[in-house]
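Notes to accompany the following structure.
The values are calculated or read from the model by the stated rules, or taken from the named source; none is laboratory data. In this text, all values refer to a predicted model and were calculated from it rather than measured experimentally. Cβ: placed from backbone, ideal geometry, glycine included. Neighbour counts: every protein chain shown.
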Amino acid sequence: MAFKGSLKEVPLPDIIQLVSVSGKTGAFVLESPTQSGEIYLRDGEMVHAHVGKLRGEDAVYELAIWQEGDFAFQAGQSTAEHTIKKSNTNLLMEAARRIDEWQVLSKRIPSTHLIPVFTNQSSSTSISFTPQEWSVICKIDERRSIDEIATALGLSAFEVCKLLYGLVTAGLVELREALGQLQAERLKKMSPPELALAARGIHEQARALLSGHERLGEVEATTRRTQSEMESGRGFDAVLDMIRSIEQVISSALGPNQSRVFLERVNQQLSG
């Protein structure tokens, strides 16, 4: 069995179910405008997956929420790696639950590039923490982003966001921007024509990630607002606000890993 198609037409979970019922062994190769990943099946069951730095079940959860890209199933392709323990049913149910849960988390934690810092309230509040919360608290040093804390703990950014959510809601932790990751100094040195060119490039990066998504209109509105603000003389600040706003939209719509891809692409563009 060999077939390929677009994720815009058929969601990945539906494709996986279609192939798994036939008990096939092979690999799904997935390509988005910015990333690629693979999911391996053995006798119809998912056994290994990877995308970017994610492996196993976390990689499946990331790939499952892709709104666009192409897929191809290569029958007979196998792997010796076995990083997935859950059944297909449990994996896909968990993927759906995480997608819903991220919509809630992203209201308080719009980006995993933000840096958690303790508030003044934290020093005067007596509260008990779970061992998992303590592990995150011990990594907060006002320098590490959520992504970096996740890497240090060997957790996914999603899991760290879940642990931070209660701390942020309680007012014990607040989130600050890591402006260095946005190449802010580079933007400051740009002339108005260069800023206009950068804004167009940022817009195209966002369109590529959100192509066909219902929230693409928010990116278009942000771009129009940015153009108007640039014409009024807010060049640098307008472009920086544009990056912040679009990253939050992508994070909320597609998940934290895709917002990371967006920023990485923007940084490559600005440093080029």
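Some points to look at:
- Unique residue being within 23 Å of the chain's Cα centre (by Cα) and at pLDDT 90 or above when the list is Leu105, Leu91: Leu91
- If you go through the stretch 32-42 and keep only what is surrounded by fewer than 17 Cβ atoms within 10 Å (Cβ to Cβ) and touching a residue at least 40 places away in the same chain (Cβ under 8 Å), you end up with Pro33, Thr34.
- Wholly enclosed helices (runs of 4 or more DSSP H) of the stretch 143-260 bearing at least 3 residues at negative phi and without any contact (Cβ under 8 Å) to a residue 40 or more places away in the chain: 146-153, 157-169, 192-210, 216-231, 235-254
- Any hit, the stretch 58-67, residues being in contact (Cβ under 8 Å) with a residue 12 or more places away in the chain, closer than 17 Å to Leu210 by Cα and among the hydroxyl-bearing types (Ser, Thr, Tyr): no
- Scanning the stretch 242-261 for residues that are over 18 Å from Leu105 (Cβ atoms) and of a type in the set (A, V, I, L, M, F, W, C) gives Met242, Ile243, Ile246, Val261.
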